Amino acid sequence: MEIKVALAGQPNCGKSTIFNMISGIHQHIANYPGVTVDKKSGFFSVGDIDIEMIDLPGTYSFSSYSLEEKVAKEAIINENPDLILNIVDASNLKRNLYLTFQLLEIGVPVVIILNMCDVARRRGITIDSEKMSEILRCPVICASAAKNEGKVEILDILKKTDEIKKNYEEFKINYDELEIYISEIEKTIKVNNELSISKRWLALKALEKDQAIVNLLKADNDNIDEIVSAQTDKFHDTFDRDVESFLASFRYENADVIFHKCAQETRRGELTFTDKIDKFVLNRWLSFPILLAVIVIIYQSSIVFGYKLTNYTWPVFAAIKNFISDITPAADISQIPMITDMAMWLTNSTIALLNYLPIFFILFAMIAILEDVGYMPRMAFILDKVFRKFGLHGQSTLPLVLGGAFVGGCAVPGVMSTKGISDDRARMATILTVPLMNCLAKVPFYTLLLGAFFPKDMSIMLFYISTVTVLAALIIAKFLTSTVLKSRETAPFVMELPPYHMPTFKGVIIRSFERVWIYIKKVCTIVIAVAVILFALLQFPGLSTEKQEHYNQEETKALAKFDRAVKKSTYYDKVDTREEVAELLNLYDGYRAKKMGGSKDVDEKYQAKNPDMYKFLVPKADAEAKKINSALRKLSTDRNRILREQKNDKIESSLLGMAGRALEPISQFAGFDWKINVAFLSSFAARESAVATLGSIYESGKESGEAANADENLRPEERMAKNSGYTPLHAASIIIFMLLTPPCIATMIVVKMQTNSWVWMCFGMFFPFVLALIVSSIFFSISLAASISGLAAMSWYYFILLAIVVILWFVPEKRINWSGGIKGNKI
């Protein structure tokens with residue numbers, strides 16, 4: 001048997017938590033409204049019943065005033081569910097029952113789930129579920145999904161779906177004076193027999209002038225507009241009331257009756273725990289310092305502390321890199337097999353990103369705690385006043401947070417979540433500013449640069465990065481809403497503040513692991529795929545014949561020098577062929593890399609692996625072996641020099657290298673060389689690729705034999721600091737460009753979907769690119785001319801943006817949209 005079940009309820013009533021509890025499927029949940037903006041389905045079985053469960057967006061009613069209401073209503077109409085599970089917040093029973101009455105009238109059996117009963121009990125609210133079931137003539141189940149309570153009872157009800165349907169009678173409310181008008185429409189209209197919903201409910205919605213329902217009825221009733229207008233006009237002329245307001249008050253009265261008959265409040269009038277906390281959190285003087293403290297704590301604990309933890313993870317990744325180096329085909333002096341080159345490129349690209357997993361885990365845990373506690377909607381409440389000044393909206397908070405206002409988000413869900421913003425002008429401004437946030441993919445890039453150039457000033461730089469993005473977003477939003485978005489419609493901000501919840505350790509850990517796993521999957525799929533393409537673009541067309549001949553001659557000279565140095569040694573017969581020298585050289589470099597990496601039992605393993613050549617690696621008192629060792633070190637130095645020069649020539653003459661070179665005349669004013677240009681070009685496909693590309697490009701910076709071996713186990717940021725030639729000022733300029741840089745391809749596609757415009761998509765791509773290039777060029781050029789350090793320049797940049805925001809804050813808003821009247825208001 002197969003059944004379809006719809007989960008419906010008001011925002012933040014715990015629908016997704018119930019969905020997860022029943023189905024076992026982990027969908028994103030949080031203690032704030034608006035998390036589910038699209039319907040989501042899950043499939044599972046209970047006994048011999050296969051269930052498709054549809055999680056609908058939270059909606060306060062079944063009108064068509066918001067996108068969530070439209071999506072929820074259309075899903076009920078089109079999906080033909082066998083059962084509706086109405087999730088009700090037991091701690092806000094009266095308000096939630098308004099939607100319940102609308103669901104009961106649809107013509108589909110309804111089961112009421114009183115979720116958050118534990119919260120209701122703490123507030124002194126006792127609900128008689130049996131009495132409520134008797135009055136509303138539908139099953140009522142008490143549950144607390146956060147504590148896994150009520151699961152068995154809900155599953156038992158689902159097993160009885162067939163029985164419930166057989167015994168179901170259409171639920172009708174007597175609307176007194178409106179009844180004759182409902183009956184008139186119900187008798188007049190024709191309804192498609194395939195619709196399983198109530199004809200009376202359709203008539204009611206038509207009387208409410210629900211345009212979606214009116215359009216649905218037009219298919220079988222050409223004159224539906226006239227029919228509806230005739231009845232609503234009659235009602236209005238007779239009773240001097242609108243149908244919509246009459247129905248709303250009627251349902252609220254019914255909800256009030258149910259509440260008083262079935263619920264008791266023993267602590268009415270007392271301040272709840274949430275009220276007491278909000279006295280501080282939402283205090284006009286304390287709210288912003290608390291918000292700032294929250295941001296600082298998140299950055300300090302996740303990135304600064306998490307970065308220290310990478311000291312323990314890096315040796316593991318270095319060992320993996322050495323292992324892959326050991327199992328790939330060995331180099332023939334300065335000739336590296338293509339498969340080895342590619343394997344090491346992919347390895348360096350991957351571990352450059354995976355090394356930051358401790359940072360992400362802490363970051364995701366902190367965000368999960370904030371979501372569970374209920375601080376997110378309070379952020380929206382606090383920031384609404386600020387956002388309004390800059391053309392944004394309190395509802396912009398969630399998209400900006402999802403996009404990375406706290407670091408670690410993603411612009412794709414951030415832009416998608418803007419569909420819930422009722423203010424069209426603020427919605428467009430939010431869509432165009434969400435990509436400015438510090439998404440998860442930018443974090444490794446910042447960490448790489450800060451670790452390389454600002455190790456002692458990481459905390460202050462992180463503070464700048466975390467807050468300067470918001471400052472830039474406010475300024476840009478103000479500019480856009482004052483110019484190109486000026487004519488768009490606006491709407492007030494309305495959001496419910498949920499009660500504070502204590503986060504569960506299990507929930508936080510599971511969500512952190514889930515998000516880390518998503519990151520790992522992205523690195524191991526998209527980023528590696530991009531790395532393969534980049535590798536190809538960096539390999540072709542390859543070295544010219546002249547260049548290749550040059551490096552062959554360099555190799556011949558190095559081998560000849562080695563041969564002369566060891567020719568008189570008694571061990572010459574062991575290194576008198578090219579194959580033997582190549583084997584010894586690879587053995588030497590591998591031995592040094594593992595010793596530098598701190599691997600255990602290196603000597604024992606290499607002695608057992610090749611006892612004849614081990615004495616050349618560690619000659620001890622053997623004078624003849626020392627001669628070989630000395631010549632070997634010099635040969636290793638020569639080989640690494642040839643490899644470095646060869647690789648640089650190959651990259652510079654490659655397709656991607658040529659593109660990077662082509663941008664140098666412009667980007668040089670921002671302090672970028674062609675390598676940074678290549679990294680930024682690669683990041684357009686996926687932001688993480690910027691770090692992967694830099695991690696691989698600087699992998700070959702080796703200057704001497706000892707240094708070369710030491711480089712093998714250096715972290716990417718250490719190699720970049722050592723080999724790039726950049727200063728902290730270059731790094732600050734690069735960071736500013738990345739802060740303003742255009743979004744990745746995936747984000748641009750979502751921008752196109754949300755704006756339904758190719759023009760806005762192109763604007764979202766080119767506007768930030770031009771802006772980023774101009775700002776970073778001005779920043780670098782002026783800072784260089786003034787000879788100030790990277791940290792000082794970043795401080796100046798930060799306080800200039802802060803000053804602009806403060807000035808814009810005091811610019812008076814145009815709030816009065818009328819003129820005229822009596823001059824001076826005097827008579």
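The values are calculated or read from the model by the stated rules, or taken from the named source; none is laboratory data. Remember, it's a predicted structure, so these values are computed and weren't measured experimentally. Ideal geometry is used to build each Cβ from the backbone, glycine not excepted, and the neighbour counts take in all protein chains shown. These area figures cover heavy atoms from the full protein model, side chains too; ligands, DNA and RNA do not enter into them. Shrake-Rupley method; radii C 1.70, N 1.55, O 1.52, S 1.80 Å.
Somewhere in segment 44-53, is a residue over 14 Å from residue 155 (Cβ atoms), modelled with pLDDT of 80 or more and in contact with a Phe, Trp or Tyr (Cβ under 9 Å, 6 or more places away or on another chain)?
Yes: segment 44-53 contains one or more residues that are over 14 Å from residue 155 (Cβ atoms), modelled with pLDDT of 80 or more and in contact with a Phe, Trp or Tyr (Cβ under 9 Å, 6 or more places away or on another chain).
Six or more apart or on different chains, Cβ under 7 Å: which pairs go from a residue in segment 737-757 that's open to solvent by 10 Å² or more (accessible area, probe 1.4 Å) to one that's not in a helix (DSSP H, G or I) and not charged (D, E, K, R)? Could you list them?
Every condition considered, the pairs that remain are 744/684; 744/685; 744/686; 745/684; 745/685.
Can you name the helices (runs of 4 or more DSSP H) wholly within segment 497-567 that have at least 2 residues being acidic (Asp, Glu) and surrounded by 15 or more Cβ atoms within 10 Å (Cβ to Cβ)?
So the answer is 545-566.
Evaluate segment 228-237: report whether one residue or more is surrounded by 13 or more Cβ atoms within 10 Å (Cβ to Cβ), among the aromatic types (Phe, Trp, Tyr) and part of a helix (DSSP H, G or I).
Yes, some residue in segment 228-237 is surrounded by 13 or more Cβ atoms within 10 Å (Cβ to Cβ), among the aromatic types (Phe, Trp, Tyr) and part of a helix (DSSP H, G or I).
Residues of segment 103-127 being under 35 Å from the mean Cα position of the chain (by Cα) and of a type in the set (S, T, N, Q), which ones?
115
Can you report the number of residues in segment 174-192 which are surrounded by fewer than 13 Cβ atoms within 10 Å (Cβ to Cβ) and of a type in the set (S, T, N, Q)?
Of the residues in segment 174-192, 2 are surrounded by fewer than 13 Cβ atoms within 10 Å (Cβ to Cβ) and of a type in the set (S, T, N, Q).
With among the charged types (D, E, K, R), at pLDDT 90 or above, over 15 Å from residue 85 (Cβ atoms) and open to solvent by 70 Å² or more (accessible area, probe 1.4 Å) as the only criterion, which of 159, 147, 131 stands out?
131 is the lone residue from the list that is among the charged types (D, E, K, R), at pLDDT 90 or above, over 15 Å from residue 85 (Cβ atoms) and open to solvent by 70 Å² or more (accessible area, probe 1.4 Å).
Could you list, in sequence order, the residues of segment 595-640 that are in contact (Cβ under 8 Å) with a residue 60 or more places away in the chain, more than 28 Å from residue 316 (Cα to Cα) and open to solvent by 50 Å² or more (accessible area, probe 1.4 Å)?
Correct list: 627, 634.
Among the residues of segment 210-223, is there at least one that is out of contact with any Gly (no Cβ under 8 Å at 6 or more places or on another chain), of a type in the set (S, T, N, Q), in a helix (DSSP H, G or I) and open to solvent by 60 Å² or more (accessible area, probe 1.4 Å)?
Looking through segment 210-223, at least one residue is out of contact with any Gly (no Cβ under 8 Å at 6 or more places or on another chain), of a type in the set (S, T, N, Q), in a helix (DSSP H, G or I) and open to solvent by 60 Å² or more (accessible area, probe 1.4 Å).
Mind listing whichever residues of segment 292-340 are among the aromatic types (Phe, Trp, Tyr) and surrounded by 13 or more Cβ atoms within 10 Å (Cβ to Cβ)?
Within segment 292-340, 299, 305, 307, 314, 317 qualify.
Which is modelled with pLDDT of 90 or more and either open to solvent by less than 10 Å² (accessible area, probe 1.4 Å) or of a type in the set (Asp, Glu) (or both), of 113, 76?
113
Select, from 398, 353, 402, the only residue that is part of a helix (DSSP H, G or I) and either at pLDDT 80 or above or open to solvent by less than 10 Å² (accessible area, probe 1.4 Å) (or both).
Only one candidate passes the filter, namely 353.
So residue 422 ticks every box in (1) surrounded by fewer than 24 Cβ atoms within 10 Å (Cβ to Cβ); (2) not in a loop (DSSP other than H, G, I, E, B) but one. Which box is left unticked?
Exception for residue 422: condition (2).
Going by the structure shown, is residue 523 over 19 Å from residue 629 (Cβ atoms), touching an Asp or Glu at 6+ places or on another chain (Cβ under 8 Å) and modelled with pLDDT under 90?
When the stated conditions are applied, residue 523 passes them.
Return the pairs, sorted by first residue and then second, in which the second residue is open to solvent by 80 Å² or more (accessible area, probe 1.4 Å), the first residue lies in segment 153-182 and is without any contact (Cβ under 8 Å) to a residue 24 or more places away in the chain, the beta carbons are less than 6 Å apart, and the residues are 6+ apart or on different chains.
Qualifying pairs under 6 Å: none.
Inside segment 175-184, can you point out the residues that are within 48 Å of the chain's Cα centre (by Cα) and at pLDDT below 90?
The answer is 175, and nothing else.
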